[in-house]
Number of protein chains: 2
Amino acid sequence: MKHFLTILLALLSHGIVSAQNTTIMIRISEIEIDPNYLEEYKAILQKESQASVRLEPGVISIYPMYQKDNPTQVRILEIYATREAYESHLKTPHFLTYKTTTLKMVKSLKLIDMEAIDPGNMPTIFRKLQDK
Amino acid sequence: MKHFLTILLALLSHGIVSAQNTTIMIRISEIEIDPNYLEEYKAILQKESQASVRLEPGVISIYPMYQKDNPTQVRILEIYATREAYESHLKTPHFLTYKTTTLKMVKSLKLIDMEAIDPGNMPTIFRKLQDK
């Protein structure tokens, strides 16, 4: 038992084991929008993504884009600090407003979970954006 | 002519017209990898994306991911400060090494040009990554 505690403490101090699940969650949402609602949809999504990033510390990125050659094809890069941060995001008023008001505008939705190929490099990769 | 210059100067001062093309270029590359080469491919891509972000001021992000449920499906979010930065990226030794060594590993490749739905919000969105 003493050995077990010693090992556990050593692992904890090296951040290998932690009380909370701190694995980053990455997703690309692939969304097709009814062309009749495209501008309205984009305005609502913009508001929602801004609120999420501003109000939720666990939302690292909600970065919405659309395909230049096919503007009804929306893609969102979503990065959450933990799965818990994502679960709590789903319960926020701004997400619920987005979800209910855009339901009729969405023709199809695929949520694709991703892994970063170089997780350690993420901060470096995005650092320059801050200087823009 | 005097009116034209006045208007041009007004536009320049508001950043609506600029001497250089400063439009950010955003792309999602969709790449399918031969499963026999997957680990090798990911290692080469990781090296290339790190070098690009480190060595090229115009490379804002080359952020490679793969689908959790289908790991041979690679997606790369690429953000360049200008189209010129992208053209110059294609001529760098690290990109050319990546391109030639991975040619046989790539089963299909789609380059999809994107527009940000909220361009002004990009710095805010990615800011938190720096603190990770």
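Figures for the structure shown
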{"quantity": "Label distances, nm, B:Lys107 versus same residue in remaining copies, Cβ-directed 7 Å point", "calculated": "2.8"}
{"quantity": "Label spacing, shortest first and in nm, from A:Pro71 to its equivalents in the remaining copies (7 angstrom along Cα→Cβ)", "calculated": "4.0"}
{"quantity": "Per-residue mean of C-beta atoms belonging to partner chains within 10 Å, peptide A:70-79", "calculated": "3"}
{"quantity": "R0 of 30 Å, Cβ-Cβ distance A:Glu115-A:Asn36: FRET efficiency to nearest 0.05", "calculated": "0.25"}
{"quantity": "Estimated distance in nm for a label pair at A:Leu55 and B:Arg83, the labels positioned 7 Å out from Cα along Cα-to-Cβ", "calculated": "4.0 nm"}
{"quantity": "Teacher prompt: B:Ala43 distances to equivalent labels in other copies, 7 Å Cα→Cβ, nm", "calculated": "5.3"}
{"quantity": "Qualifying aspartates and glutamates (Cα of each under 17 Å from Cα of B:Lys104; at least 8 residues distant if same chain)", "calculated": "B:Glu30, B:Glu32, B:Asp34, B:Glu39, B:Glu40, B:Glu48"}
{"quantity": "Around B:Ser49: net Lys/Arg minus Asp/Glu count, Cβ-Cβ under 10 Å", "calculated": "-1"}
{"quantity": "Rg and Dmax [Cα atoms of the stretch B:32-112; Å; Rg one decimal, Dmax integer]", "calculated": "12.5, 36"}
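Every number in this text was worked out from the coordinates using simple rules, so none of it is lab data. Keep in mind the model is a prediction, meaning the values are calculated, not measured. Positions of Cβ are backbone-derived with ideal geometry, glycine not excepted, and every protein chain shown enters the neighbour counts.
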